[in-house]
Amino acid sequence: MDVAGKNYVCSMCGYEYDPKQGDPENGIKPGTAFEDLPEDWVCPVCGASKDKFEAKA
C-alpha cells in the first residue's frame, strides 16, 4: 500500500513531486503527501504554486 500518496506534476515545468522522496532541500521530509505540503510551498524548479500541479495518472 502506498502510504505517501500520489505523485504530482508541475504543469509549468514538468517537475514531479514524489511523496516518497519529499523535497528535503526545502524542508519537506520524505513520506509527505502532496496534500500535506504547506500552502506556501512552491515548485523547487520554477516556483509555481501548488495549484499548478496535477495528480499523475
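The values are calculated or read from the model by the stated rules, or taken from the named source; none is laboratory data. Everything numeric here is computed off the predicted structure, so don't read it as measured data. Every residue, glycine as well, gets a Cβ built from its backbone with ideal geometry; the counts of neighbours run over all protein chains shown. The accessibility values were calculated without ligands, DNA or RNA, using every heavy atom of the protein model including side chains. Shrake-Rupley method; radii C 1.70, N 1.55, O 1.52, S 1.80 Å.
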Inset, instruction - Take the residues in segment 6-16 that are touching a helix residue (DSSP H, G or I) at 6+ places or on another chain (Cβ under 6 Å) and not hydrophobic (A, V, I, L, M, F, W, C), then tell me which one is nearest to Ala55 (Cα to Cα). - result: Tyr8
Inset, instruction - Those residues that are in a strand (DSSP E or B) and hydrophobic (A, V, I, L, M, F, W, C), I need them from segment 7-29; list them, please. - result: Val9, Cys10, Ile28
Inset, instruction - Take the residues in segment 30-57 that are assigned to a loop (DSSP other than H, G, I, E, B) and among the β-branched types (Val, Ile, Thr), then tell me which one is nearest to Lys6 (Cα to Cα). - result: Thr32
Legend entry - Residues within segment 20-57 that are open to solvent by less than 30 Å² (accessible area, probe 1.4 Å) and over 12 Å from Tyr8 (Cβ atoms), tallied: 2
